[in-house]
1. Does region 116-179 classify as rounded, prolate or oblate by the C-alpha gyration tensor (a ≥ b ≥ c root eigenvalues; a/c under 1.5 gives rounded; else a/b over b/c gives prolate, otherwise oblate)?
2. Amide H neighbours of Ala65 under 5 Å, at least 5 residues apart or on other chains, H built in the peptide plane: list them.
3. Rounded to the nearest 500 deg cm²/dmol, what is the calculated helix-only ellipticity per residue at 222 nm for the chain, with -39500 (n - 2.57) per DSSP H run of length n ≥ 4?
4. Name the shape class, rounded, prolate or oblate, that the alpha-carbon gyration tensor gives for region 117-230, where a ≥ b ≥ c are the square roots of its eigenvalues, rounded holds for a/c under 1.5, and otherwise prolate holds if a/b is larger than b/c and oblate otherwise.
5. Explain nothing, just the number: dipole magnitude of the chain about its Cα centre with +1 on each Lys and Arg Cβ and -1 on each Asp and Glu Cβ, in debye rounded to the nearest 20.
6. Whole-Hz Karplus ³J(HN,Hα) for region 212-222, in order, using 6.51 cos²θ - 1.76 cosθ + 1.60 and θ = phi - 60°, x for Gly and Pro?
7. Amide H of Leu180: which non-local residues (sequence gap of 5 or more, or other chain) have their own amide H closer than 5 Å, using H built in the peptide plane?
8. Please report the net charge: other residues with Cβ closer than 12 Å to the Cβ of Asn221, K and R +1, D and E -1.
Amino acid sequence: MILPFWPGREGRFRRRFDQAAAMAPAGPLRAFYAAPLPEFDTDAHALDMIAIDLETDGLDFASSAILEAGIVPARIGSIAASGSRRIRFRPAQALQASSVVVHRITDDALAHALPEEDALAYLLPALAGKVLVAHFAEIEAGFLNAACQRVYGAPFVAPFICTMQLENRWFPRTRAADGLRLGKLRAGYRLPAYRAHDGLTDALACAELLMAQIAHHGAENLTLADLLRR
């Protein structure tokens, strides 16, 4: 069997993806890796994307829990709000009071949430074969990787578009300390203000921001490689 050769950045990503796939046990994570991914030179208009936002009980990937995942399907020029989902994760320990103030998700609200393993089994099929979109994508990538390491003993690797990085790369300028926050960037594109720190709302806000960024940058000849975080 002759394996395809992908040069450069795509080659490095594909090797990481294939290595992670080889480590995944039978079940939802292996099925996630079995879904075909678009090549880096795919026309951006042909991409199936999922905007994702995670609300967590802290910022440490290893010790903080995912509490909620909001996901919103999108393609360039359209957002499939009807396909949006909110998935609640039940943490193993009581929530930190300091983080409840931020995300407003209480222990009572999570009483009927799914255990981490069941929540991942519900979430991963929705992400399979998709290009993920997040604002400051290192957070979503890091927490999903930590969760998959705990549950499956294997890493999570996926193509991510980071709207924060994209803004800095496409439209570099001097900014205030909080100038790359999701709400601040949306205001600059005259997008409506939404309540922050809600997984589903933030995922929708991220998808809308990406559409605005692409509209201002121009979508002609845009490929997946042009969009991916670096």
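1. prolate
2. Sorted by chain and number, the residues that satisfy this are Asp57.
3. The helix-only estimate for the chain comes to -12500 deg cm²/dmol at 222 nm.
4. Because a/c hits 1.5 or more and a/b exceeds b/c, region 117-230 counts as prolate.
5. 420
6. 3J(HN,Hα) across region 212-222, in whole Hz: 5, 4, 5, 4, 6, 6, x, 9, 5, 6, 6.
7. For Leu180, whose amide H was placed from the backbone, there are no distant partners under 5 Å.
8. For residues surrounding Asn221, the net value is -4.
The values are calculated or read from the model by the stated rules, or taken from the named source; none is laboratory data. Bear in mind that the values here come from a model prediction, so they are computed numbers and not experimental data. Virtual Cβ from ideal backbone geometry, glycine too; neighbours counted across all protein chains shown. Each accessible area value is taken on the protein alone, full model and side chains, heavy atoms only, with ligands, DNA and RNA left out. Shrake-Rupley method; radii C 1.70, N 1.55, O 1.52, S 1.80 Å.
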